[in-house]
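Chemist: Handing you a structure now.
The values are calculated or read from the model by the stated rules, or taken from the named source; none is laboratory data. Quick caveat, the model's predicted, so the values are computed rather than measured. Cβ: placed from backbone, ideal geometry, glycine included. Neighbour counts: every protein chain shown. Surface accessibility is based on the protein's heavy atoms, side chains included, excluding ligands, DNA and RNA. Shrake-Rupley method; radii C 1.70, N 1.55, O 1.52, S 1.80 Å.
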Amino acid sequence: MGKKVVTTIKVISVITIFTAALFLLQMLLMPKFQHGIVEGSMIEEYYKDESTHEIIFIGDCELYENISPVTLYENFGYTSYIRGSAQQLPWQSYYLLEDTLRYETPKVVVFNVLSLKYDKPQSETYNRMSIDGMKWSSSKIDCINASMTEDESFIEYVFPILRYHDRWSELENDDFNYLFNKDLVTHNGYYMRCDVKPQTGFPSPTPLTDYTLGSNAMYYLDRMTEICKENGINLILIKAPTEFPYWYPEWDAQIVKYAENHNLTYVNYIPLQDEIGLDMSVDTYDAGLHLNNSGAEKFTMYLGNTLFSDLGLTDYRDNETISSVWQDKIVFYNEMKEQQLSELEN
Amino acid sequence: MKRILTLTVTSVMLFSLITACSSGSNNNTAITAATTGNNEVSETSVDSSDPSAVDTSISEYGYTLNGIKIKPNDNFSDIVDSLGEPDTYFESESCAFQGLDKVYTYGSVTIKTYPKDDIDYVLSIEFKDDITKTDEGIKIGSSSDEITSVYGEPSASNDSSITYTDGNANLNFILTDGKVSYITYTRVE
């Protein structure tokens with residue numbers, strides 16, 4: 001009897017050690033997204049933020065590069081977080097929203113409508129950036145199933161080592177340095193870029209044979225609308241004030257109608273660039289695709305003064321607990337801004 | 001003891017298998033990609049950041065430019081030098097730098113490309129004006145009757161467009177008041 005117990009303990013120990021070793025290997029092989037392309041770190045950062053937020057932004061790079069939650073807090077006291085990711089698709093936005101509601105119930109959710117032009121799964125690489133950082137839940141499972149391209153399989157999301165195993169020959173210092181802990185790369189989801197590359201112009205838009213926004217994309221917009229309604233959340237639709245990729249008037253008309261039919265606020269900020277105070281010769285870092293920090297702060301101020309002004313949001317600047325948390329965020333934000341500006345000068 | 005040994009050997013073999021094999025899967029998390037300094041802007045009206053498998057099924061729909069027949073999904077990296085210097089060129093990074101979307105203009109013809117595994121593939125071919133005709137002779141200003149007399153029954157049509165689909169390509173005629181106002185060759189999504 002004693003011998004059996006010892007053998008069992010030994011077997012369990014070996015299995016445990018083996019599993020732990022595999023898990024450690026998996027952690028090593030997964031990309032860290034700490035330098036260069038940092039977008040892969042964005043989704044998981046949300047879980048590190050222990051404060052609550054009255055505004056949640058959900059969507060793609062037109063949100064996470066164009067809006068600054070720190071600016072919104074500093075100037076208005078509004079707390080917010082951008083649950084953004086690169087080429088975040090409508091179904092991913094829905095499931096990320098569903099995931100967010102496990103942790104908090106904001107007063108307002110802002111969704112950028114550009115992604116509604118995508119009706120089908122697009123890219124495994126972008127999928128991983130939007131999904132790998134999610135904590136495991138039914139939302140993540142559903143998100144994976146809705147997102148997978150033909151070449152992907154669910155098991156590779158459960159065991160990412162199956163996907164990233166061939167990175168073993170490409171391991172870099174970051175893979176070891178950030179094995180257990182990663183640095184924050186965003187400011188409540190905002191990706192800061194202080195450099196400047198002026199917008200010079202865009203090619204003419206290509207006429208489409210069919211401007212109807214896809215039924216799958218709109219189905220997930222319906223679900224976002226519904227879940228916000230069920231939770232007493234004010235869902236606001238926006239189109240960020242950047243002109244490329246091209247946002248067809250025919251698409252815009254469909255969203256205007258959708259908003260009317262569902263009693264939602266929708267604002268297309270492209271025609272409001274002047275009113276916002278944007279100068280696309282200095283307020284963009286990539287020739288007009290996204291705003292830089294200067295542009296993002298202008299747009300954020302505009303949102304604070306207009307869109308968010310009558311929504312009953314709380315000014316938390318006098319709240320000792322919350323302002324203490326945000327003070328740290330402000331310091332981090334200003335440090336990064338100074339560092340980037342200093343690098344640009346040199 | 002024998003069982004433990006078996007388990008350990010199995011573990012080592014599995015470890016070796018995982019680290020040794022290369023699925024050739026798209027490892028395009030682009031960890032090694034660096035942003036370029038030349039970020040001018042291109043525009044695509046269809047999804048250009050789609051690195052899903054390139055459809056190599058043969059299509060008859062393509063346009064002959066400078067003696068070279070070009071079709072959607074063609075490897076443009078192979079032929080771009082043969083076409084000569086474009087009149088204009090734009091490029092833009094896609095989100096998280098998953099490659100550059102590019103737009104080349106040769107006279108009245110615009111070619112847009114998308115990147116996959118460091119190769120540029122043809123996303124679309126577009127005609128800007130009525131100087132250019134399709135290889136079959138249709139141009140901007142042609143009537144819908146002229147289109148169907150040349151190409152036959154369309155794959156799809158409505159008041160504002162006529163589309164022919166073959167293999168991995170669409171030939172699209174955008175109509176305004178019954179006349180062709182724009183012509184595009186696009187990849188089948």
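Chemist: Two decimals, Cα atoms only, Kirkwood Rh: what is Rg/Rh over the stretch A:1-66?
Modeler: 1.31
Chemist: Residue-wise, which Karplus ³J(HN,Hα) couplings in Hz belong to the stretch A:156-161, taking 6.51 cos²θ - 1.76 cosθ + 1.60, θ = phi - 60°, and x for glycine or proline?
Modeler: Coupling constants for the stretch A:156-161: 6, 7, 5, 10, x, 4 Hz.
Chemist: Follow-up question, since we're still on this one. In degrees from 0 to 90, rounded to the nearest 10, what is the angle of the helix A:320-345 Cα long axis to the longest principal axis of chain A?
Modeler: Its long axis makes an angle of about 80 degrees.
Chemist: Once the principal axes of the Cα atoms of the stretch A:50-119 are found, what is the range along each, listed largest first in whole angstroms?
Modeler: Sorted largest first, the three principal extents are 37, 26, 17 Å.
Chemist: What span do the alpha-carbon atoms of the stretch A:241-346 cover on each of the three principal axes, reported in whole Å from largest to smallest?
Modeler: That works out to 43, 39, 19 Å along the principal axes.
Chemist: To continue, here is another question. So if I take the alpha carbon set of the stretch A:141-220, get Rg, then get Rh from the Kirkwood formula, what is the Rg over Rh ratio?
Modeler: Using Cα coordinates only, the ratio equals 1.09.
Chemist: Another question, if that's okay. Around A:Tyr285, which amide H atoms from residues at least 5 apart in sequence, or from another chain, sit under 5 Å from its own amide H, with H modelled in the peptide plane?
Modeler: Amide H to amide H, under 5 Å and 5 or more residues apart or across chains, A:Tyr285 pairs with A:Lys197, A:His290, A:Asn292.
Chemist: Let me ask something else. How many Å² of accessible area per residue for the stretch A:229-306, probe 1.4 Å?
Modeler: Counting only protein heavy atoms, the per-residue value for the stretch A:229-306 is 40 Å².
Chemist: Can I ask one more? So what are the ³J(HN,Hα) numbers for the stretch A:246-252, from phi and the Karplus equation (6.51, -1.76, 1.60; θ = phi - 60°), rounded to whole Hz, Gly and Pro as x?
Modeler: 5, 10, 5, x, 5, 5, 4
Chemist: So how long is each side of chain A along the principal axes, counting just the alpha-carbon atoms, biggest first, in Å?
Modeler: Dimensions of chain A along the principal axes of its Cα atoms: 80, 48, 41 Å.
Chemist: Where the eigenvalues come from the Cα gyration tensor of the stretch B:54-169, what are the semi-axes √(5λ) of the equivalent ellipsoid, largest first, in whole Å?
Modeler: Values: eigenvalues 137, 55, 37 Å².
Semi-axes (√(5λ), whole Å): 26, 17, 14.
Chemist: Continuing with the same structure: Probe 1.4 Å, all protein chains in place: accessible area of A:His187 in Å², nearest 10?
Modeler: For A:His187, the solvent-accessible surface is approximately 10 Å².
Chemist: Under 4 °C and 1.567 mPa s, how fast does the stretch B:91-158 diffuse according to Stokes-Einstein, given a Kirkwood radius computed over C-alpha pairs? Answer in µm²/s, whole number.
Modeler: Once the numbers are plugged in, D ends up at 91 µm²/s.
Chemist: Name the residues whose placed amide hydrogens come within less than 5 Å of the amide hydrogen of B:Leu175, ignoring near sequence neighbours (fewer than 5 apart) on the same chain.
Modeler: So B:Leu175 has HN proximity to B:Ser161, B:Ile162, B:Ser181.
Chemist: Let me ask something additional. Given a Förster radius of 45 Å and the C-beta distance between A:Leu272 and A:Leu22 as r, what FRET efficiency does 1/(1 + (r/R0)^6) yield to the nearest 0.05?
Modeler: On the way: r = 53 Å, r/R0 = 1.17.
With a Förster radius of 45 Å, E is 0.30.
Chemist: Express in % the proportion of alpha carbon pairs of the stretch A:1-145 at distances exceeding 25 Å. Don't jump to the answer; show the numbers that get you there.
Modeler: Working: 4133 of 10440 pairs.
I get 40 percent for the Cα pairs in the stretch A:1-145 exceeding 25 Å.
Chemist: Under 22 Å from the Cα of A:Lys117, which lysines turn up, not counting those fewer than eight places away in the same chain?
Modeler: A:Lys239, A:Lys257, B:Lys102, B:Lys112, B:Lys116
Chemist: For the stretch B:116-122, what does the Karplus curve 6.51 cos²θ - 1.76 cosθ + 1.60, with θ = phi - 60°, yield as ³J(HN,Hα) per residue in whole Hz, taken in order and with x for Gly and Pro?
Modeler: Calculated HN-Hα couplings, in order: 8, 6, 6, 10, 9, 10, 6 Hz.
Chemist: Next up: Quick one: which residues, 5 or more positions from B:Tyr121 or on another chain, have an amide H under 5 Å from its amide H? H modelled 1.01 Å from N in the peptide plane, none for Pro or chain starts.
Modeler: B:Phe76, B:Tyr114, B:Lys116
Chemist: Apply the Debye scattering formula to the stretch A:190-250, with a single equal point scatterer on each alpha-carbon and no solvent, then give log10 I(q)/I(0) at q = 0.12, 0.13, 0.24, 0.28 Å⁻¹.
Modeler: -0.55, -0.63, -1.11, -1.24
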